[in-house]
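Written below as structure tokens is the structure these notes are about.
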Amino acid sequence: MPPTTPPSKSPARPKRGEGQWKLGHREPLNPNERVKRDDDGLNVRARIENVYSKQGFDSIDPSDLRGRMRWWGLYTQRKPGIDGGRTAALEPEELDDEYFMMRVRVDGGGLTTDQLRVLGEISQEFARDTADVTDRNNIQYHWLRIEDIPEVWRRLEAVDLVTTEACGDTPRAFLGSPVAGIAADEPINGDPAIFAIREKYVGSPEFSNLPRKFKTAISGQQDVAHEVNDVAFIGSVHPEHGPGFDLWVGGGLSTNPKLAVRLGAWVPIDEVPEVWAGVISVFRDYGYRRLRSRARLKFLVADWGAEEFRRVLEEEYLHRKLVDGPAPATPERPIDHIGVHKQVDGLNYIGVAPASGRVSGTTLIALAKAVEAAGSRRLKLTPYQKIVVLDVADEAVESLRSELDSLGLQSDPSPWRRSTMACTGIEFCKLAIVETKERAIRLVEELEKRLADVHPDVPISIHLNGCPNSCARTQVADIGLKGQIVTDSAGNQVEGFQVHLGGGLGLDSGFGRKLRGHKVASAELGDYVDRVVRNFVAQRTEGERFAQ
Ligand code: SF4
């Protein structure tokens, strides 16, 4: 028998790097990395103040306009009148309007009535009375002119509000519990850790060039959608050490959704800033910078796994072991704090639901007045596009509730208003394919009429998103709607949504299923939701939740 020749092996191809700094990939590997290497995004502020605001929109350097201005919470908004079907075909400059969207970060979500009034006045004076409560504790303006930005900053900063790193490849606004420090059932108050991190690290060049955005949630309770954040510290009671936080990493949605994983570590409150800095440092140094689409922390965590991530964090960054800790009990649903509830000090908090987070400067000013008239000066924004008024005495509750009601801020909303969220959508967002905010508002009104005879005893969340980016968390809604062009019942190409059914957080943490054929034209959305809800209610077994 002739000797057999082993099949020739092609030489192993060198593995392509992922652009990780720690492994020596310092050369920028994509245009976004080059922009960041050429100049720190934080430096654009001086140019806005000294040049662009004085010389006008046309003087803005394109790499500042479409890159670094985000480091100060600024994006150009979408030129009106461009339909969603053309979004992908156009160059960025064809989509750019001369007006800006601005995000104001409200770390932990807390506002005083003085701050609220200033936010409202800025909106009226400079932003055509726009103001949205976003699902990341931001207030978002539209229609700002570059000439007005320095004055807007001056007024915001006079009341301790900032836009620093509200967008960009940075540590974005921190989600915190709307009821931190006042809830009877909270194992620990996370707000002091949020403020300590903000004080030390927001605006610091140490973390102003990350591979991509970095989202943080810190709460004593499970009311901050922690499963979809890059890092989260969630209240947990250690059997020996007492109250502290359970550490999660690597959550994120968009086109490759991943739920965060527990590292099995318990962190006492005074160590949260150090551990947070460790996690974000791992991301900065090991995060993937080659492809923008793989640059979020979730990809690194998925490749490494929780054990390896914890090992690197402990050995290379903290230089000590973390304490092992138990998982906190998971509530059936994330807590949204709507309605009237008792605080530990005997006062009350009232959670209200503006329709899909849309308010206005006029509403914010009226809200500040109503809250002060009720004897309070504190509010919170929530990660569910809601507002919670704190510190209301018993005798002021009912009059405040009716005042809030008259402002469109209902404390006893219909299930549809309570559980519907929407992203910015085509009205202002350059990536959008469909309209969302106003569509959501109309949908809620429609469902309140159509489903007046249906009273599901479990919440059914509806999240409208204008594109696959999932800013309003498509995949973790009971009915998740992802904007796209669809064919309607008459055969026309129209705005519509791909439906994801049965996603959730809390006990039902998981992504909704994208059902083939479940695409719905925007104009037919009311019919579709009506049908789905009625079927669910009719076929539901006792105690069954929508996501089960
Ligand atoms: Fe814009 Fe898409 Fe995000 Fe909506 S989901 S705000 S359309 S990027």
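Charging the Cβ of each Asp and Glu at -1 and of each Lys and Arg at +1, and nothing else, the dipole of the chain about its Cα centre rounds to 2120 debye. In percent, rounded to a whole number, the relative contact order of the chain is 13, using alpha-carbon pairs under 8 Å and six or more apart.
Note that the range 57-66 has calculated 3J(HN,Hα) couplings of 4, 5, 7, 7, 4, x, 6, 6, 4, 9 Hz, one per residue in order, obtained from phi through the Karplus relation 6.51 cos²θ - 1.76 cosθ + 1.60 (θ = phi - 60°); glycine and proline are x. Rounded to the nearest whole Hz, the Karplus-based 3J(HN,Hα) values (6.51 cos²θ - 1.76 cosθ + 1.60, θ = phi - 60°) of the range 268-278 follow the sequence x, 4, 6, 9, 4, x, 5, 5, 4, 5, x, with x at glycine and proline. Per residue, the convex hull spanned by the alpha carbons of the range 437-548 comes to 105 Å³. Given a cut-off of under 8 Å on Cα pairs at least six residues apart, what relative contact order in percent is computed for the range 257-330? It rounds to 47 percent for the range 257-330. Over the chain, dividing the summed -39,500 (n - 2.57) contributions of all DSSP H runs of at least 4 residues by the number of residues returns a 222 nm mean residue ellipticity of -7500 deg cm²/dmol.
Amide H contacts for A265 (H built 1.01 Å from N in the peptide plane; partners 5 or more residues away or on another chain; cut-off under 5 Å): L247, G325.
Amide H contacts under 5 Å for G235: S219, G220, Q221, D246, restricted to partners 5 or more places along the chain or on a different chain, H placed in the peptide plane at 1.01 Å from N.
Size check on the range 55-102: the Cα extents along the three principal axes, sorted descending, read 31, 20, 16 Å. For the range 399-438, what is the relative contact order in percent, using Cα pairs closer than 8 Å and at least 6 residues apart in sequence? The value is 24 percent.
Restricting attention to the chain, close to 80% of DSSP beta bridges with both partner residues there are antiparallel. On the beta carbon distance between H518 and L90, with R0 = 41 Å, the FRET formula returns roughly 0.90.
Per the Debye formula on identical point scatterers at the alpha carbon atoms of the range 211-253, with no solvent, log10 I(q)/I(0) at q = 0.15, 0.17 Å⁻¹ is -0.37, -0.45. Quick one: of K22/K258; K482/K514; K215/K298; K36/K430; K258/K514; K213/K514, which pairs are farther than 18 Å apart, Cα to Cα? Check vs 18 Å cut-off fails for K22/K258; K36/K430; K213/K514. Shown here: the range 339-478, whose C-alpha atoms stretch 46, 35, 26 Å along the first, second and third principal axes, sorted largest to smallest.
When the chain is described by a simple charge dipole with +1 on each Lys and Arg Cβ and -1 on each Asp and Glu Cβ, the residue from C471, P456, V340 located farthest towards its positive end is C471. The largest-to-smallest principal axis extents of the Cα set in the range 162-207 are 38, 17, 15 Å. Taking a Cβ cut-off of under 11 Å around F126, the surrounding Lys, Arg, Asp and Glu residues balance to a net charge of -3, with basic ones at +1 and acidic ones at -1. Among residues other than N492 with Cβ under 14 Å from its Cβ, the summed charge is -3 (Lys and Arg +1, Asp and Glu -1).
Quarter the surface of the alpha carbon convex hull of the range 125-175 and you get the mean projected area, 4.0 square nanometres. Each label point was placed 7 Å from the Cα along the Cα-to-Cβ direction; for Q493 and D324 their separation is 5.8 nm.
Each residue of the range 453-461 is assigned a 3J(HN,Hα), and the resulting list reads 8, 10, 10, x, 8, 10, x, 10, 7 Hz, derived from the Karplus form 6.51 cos²θ - 1.76 cosθ + 1.60 (θ = phi - 60°), x at Gly and Pro. R377 sits among other residues whose Cβ lies under 12 Å from its own Cβ, and their net charge, with Lys and Arg +1 and Asp and Glu -1, is 0. If you take the Cα atoms of the range 444-496, find Rg, then find the Kirkwood Rh from the mean of 1/r over all pairs, what is Rg/Rh? Using Cα coordinates only, the ratio equals 1.06.
Averaging 1/r over each pair of different alpha-carbon atoms in the range 167-275 and inverting the result gives 14.1 Å, the Kirkwood hydrodynamic radius.
Its alpha carbons considered, the range 126-212 gives a radius of gyration followed by a Dmax of 15.3, 47 Å.
Between the alpha-carbon centres of the range 190-225 and the range 134-166 there is a gap of 18 Å. Please work out the Cα center distance from the range 319-341 to the range 44-113, rounded to the nearest Å. Taking the Cα centre of the range 44-113 as reference, the centre of the range 319-341 is 36 Å away. Taking one quarter of the surface of the C-alpha convex hull of the chain gives a mean projected area of 31.9 nm².
All of the numbers you see were taken from the coordinates with simple rules; none came from a lab. Quick caveat: nothing in here was measured; it's all calculated off a predicted structure. Positions of Cβ are generated from backbone atoms using ideal geometry, with glycine treated the same way; all protein chains shown enter the neighbour counts.
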